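Peer 1: Dropping a structure here in structure tokens format, bear with me for questions.
Every number in this text was worked out from the coordinates using simple rules, so none of it is lab data. Remember, it's a predicted structure, so these values are computed and weren't measured experimentally. Please note: Cβ atoms are built from the backbone with ideal geometry, for glycine as well, and neighbour counts cover all protein chains shown.
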Amino acid sequence: MKTHTKFTPDYAIPPGETLLETIEELSITPKELSLRMDLSLDSINQLINGDIFLNREITLKLEEITGVEATFWSSLESQYRKTSTDNHKSDIMN
């Protein structure tokens with residue numbers, strides 16, 4: 001009899017990692033992205049590191065620049081924050 005095990009990662013990958021891969025694929029530098037999004041380079045680096053939330057305004061700008069739908073970016077952000085919170089709660093309980 002087969003047993004199915006649900007994979008639940010104990011780590012969270014910031015959506016910024018996907019963002020970095022995406023802009024690299026499009027030959028866009030973080031500096032160019034900052035100019036096109038009207039954000040500081042420091043803010044872009046914080047997005048990439050997962051230190052800033054991808055809010056609606058940011059996801060819409062990313063959609064415009066990268067061609068990747070805003071809902072995709074929002075979903076990544078939501079999953080990242082949920083996994084980060086779940087893992088933090090688990091760490092506290094252990």
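Peer 1: Using the Cβ atoms and a cut-off under 14 Å, what net charge is assigned to the surroundings of LEU60, where Lys and Arg are +1 and Asp and Glu are -1? If you can, show how the numbers build up before the last one.
Peer 2: Details: positive: ARG36, ARG56, LYS61; negative: ASP38, GLU57, GLU63, GLU64, GLU69, GLU77.
Here the count lands on -3.
Peer 1: If we count every other residue with Cβ under 15 angstrom of ILE23's Cβ, Lys/Arg +1 and Asp/Glu -1, where does the sum land?
Peer 2: Working: positive: LYS31, ARG36, LYS61; negative: GLU17, GLU21, GLU24, GLU25, GLU32, GLU63, GLU64.
Neighbourhood net charge equals -4.
Peer 1: At 25 °C and a viscosity of 0.890 mPa s, what translational diffusion coefficient does Stokes-Einstein give for the stretch 15-93, taking Rh as the Kirkwood radius over Cα pairs? Give it in µm²/s as a whole number.
Peer 2: On the way: Rh = 12.9 Å.
Answer, rounded: 190 µm²/s.
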